[in-house]
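These notes concern the structure reproduced below.
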Amino acid sequence: MLWIIIASLAYGILAFLDPFLFTYIAYNLSVSGLYLGILNALWSISYIVSNRLLNNFADSGHNKLLLAISILSISISMPMLSNLNLLNGVIAYVLHSISMASMNLSLSVTLLEYIDSEMWKNITSLQKALSNITRGMMLLIAAFFRSVLTIENMIIIAIIFSVLSLLAMPSILFTFERNMFRFYRNLRSLSLYLKASSSLMFIDRPKVAISIFEKYWNYGQTISIPRIIIAVLMVTALGDYIFTVIPYVLRNIVSLQGMWIAYGIAAILSALILLIVVNAEWSSKSLALGLIMSRMLILIIGFNYVRNETTLTLYIVVSSLLFLLIDVTLYNYFIEGSAGFNTSLYFISREIGSIVGSILGGIFIGFGTNTYLLVSLVIGIVPIILLI
């Protein structure tokens, strides 16, 4: 259990470094918006490519190698930041995305192999909560102690926790748990099919036949992988569509420090609530639909009411909590359908959603608030339709 805590803390610190590095490069180089846009796009592209290339290592159980790649990547970024220029800024930020991708794959595959499949759902919630609490704490520390908190110190802290994770994390010798889960899932599907087919024995009693068929056939139904992938892509896109333009909309109202405080508090509170409900059942289609619809309405309706640090914090807290719950639910459906293999596909779809949402948000905010919110409604409805 200790390795899960250490690895979750390390991942949370790496996640915090994303906005911290981006802001550091932006402020120290006084770059244009075009450079920042390219920088953000390159991070996403690198994250997607890294996930795709490193996925075979994850499926094969090379968790230690993935973690070593993460440590090496973030370590190499330090000299780049010490001699910061336009090129080194891009290299350092891209190296961070590689570090994030490899750490995420290492952590997810180790959890799936060393935790009993019956506990996958709960442990996923716990890991996400711990990482978000860490990220939130680091954001608050950065907001209040920015003058003494150097980028070098933060990277050293990230390296230390990553090395501790490497030492504490158990090696995967055999990919046993995921293979056993896949075997059991296929066996269960066959059993449910046979039981549902037994309704034919009551062909002379239609009501009984229908009752038996629905009981077993509907019990075995799940959400297909393509629908989950597109749903999580669009759910992520909606969030980035909204939050990409929040700094632009509130730039004269909320300071950068206030923005970090709001995001820090939101990350901590949403994670704490997730911890409280960690034992809840996160595999209900109706629950997923309800959460996605609630988040969509809050993001769209609340957009016009965010006008100070208090309302911004509340807005981010509620939307972050709902996204965490949605993410846990859809991820649980994904690992059930994929038996824990090819997890990079889920993370890639999320990142593509981030790119799509960021680009669309930047484009449509220029068409006025009504058009902007109408497009957000369209984006938000797509995953709901997919999951009905």
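The values are calculated or read from the model by the stated rules, or taken from the named source; none is laboratory data. Not measured: the values here are computed from a predicted model. FYI the Cβ positions are ideal-geometry reconstructions off the backbone, even for glycines, and counts take in every protein chain you see. Heavy atoms of the whole protein, side chains included, go into the accessibility calculation; ligands, DNA and RNA do not. Shrake-Rupley method; radii C 1.70, N 1.55, O 1.52, S 1.80 Å.
Sorted on the mean count of surrounding Cβ atoms within 10 Å across their residues, most packed first, peptides 305-312, 136-143 read 136-143, 305-312.
Would you mind getting the accessible area per residue of the stretch 311-364, heavy atoms of the protein chains only, 1.4 Å probe, in Å²?
Details: 1370 Å² over 54 residues.
Value returned for the stretch 311-364: 25 Å² of accessible area per residue.
Annotation for Leu72 and Ala168: the two label points, set 7 Å from Cα along the Cα-Cβ direction, are 2.4 nm apart.
Place the peptides 360-372, 56-68 in order of packing, highest mean first, counting for every residue the other Cβ atoms within 10 Å and averaging per peptide. Mind showing how you got there, number by number?
Values: 360-372: 14.6, 56-68: 19.2.
Final packing ranking: 56-68, 360-372.
Measure off, as a whole percent, the carbon and sulfur share of the 1.4 Å-probe accessible area of the stretch 1-88, all protein chains present. Here it works out to 70 percent.
The stretch 315-337 and the stretch 226-253 have Cα centres lying 14 Å from one another. Average accessible surface for the stretch 1-149: 39 Å² per residue, computed with a 1.4 Å probe over protein heavy atoms with every protein chain in place.
Kindly state, to the nearest 0.05, the FRET efficiency for Thr310 paired with Tyr35, given R0 = 45 Å and r defined as their beta-carbon distance. Kindly include the intermediate steps, with their values, before the conclusion.
On the way: r = 33 Å, r/R0 = 0.73.
So, using R0 = 45 Å, E works out to roughly 0.85.
Annotation for Met293 and Met119: the two label points, set 7 Å from Cα along the Cα-Cβ direction, are 3.6 nm apart. Peptide packing for 105-114, 257-266 was compared via the average number of neighbouring C-beta atoms within 10 Å per residue; ordered from the highest value, the list is 105-114, 257-266.
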